[in-house]
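Student: Before I ask anything, let me first share the structure, which is written out below as structure tokens.
Any read-out appearing in this document is the output of simple, stated calculations on the displayed coordinates, not a laboratory observation. Just so you know, these numbers come straight off a predicted model, no measurement behind them.
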Amino acid sequence: MSPITYLIITTAVLVLVTILVFFNAGFPIVFYLTCVGQVLLAIAVYKVLTDNYTTEKTFKDWYEDHSTNQ
């Protein structure tokens, strides 16, 4: 899986935790989902940092949505 997939899954789990807390779900499910979310976050950070991504762009290229020719 790509690193972005791990980030999407992690975000979904942690948003689910927030929704469950809002609706006063039971403590065990919120606690275990929080623990799972923390593990997923660590895995996602590891996957992003160890991804074999290369680019030809440099800081002189500025941003893709804002060119320096304006």
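Student: Express in nm, to one decimal, how much length is gained between N24 and W62 on full extension, taking 0.36 nm for each residue of separation and deducting their alpha carbon distance.
Tutor: That works out to 9.0 nm of additional length.
Student: Also: With 5 Å bins from zero, work out the P(r) of the chain over every alpha carbon pair and list the percent per bin.
Tutor: All Cα pairs considered, the percentages come to 3, 15, 17, 13, 12, 11, 10, 7, 6, 4, 1, 0.
Student: Okay, helix-only estimate at 222 nm for the chain: each DSSP H run of n ≥ 4 adds -39500 (n - 2.57), divide by all residues, round to 500 deg cm²/dmol; what do you get?
Tutor: Dividing the helical sum by the residues of the chain leaves -21500 deg cm²/dmol.
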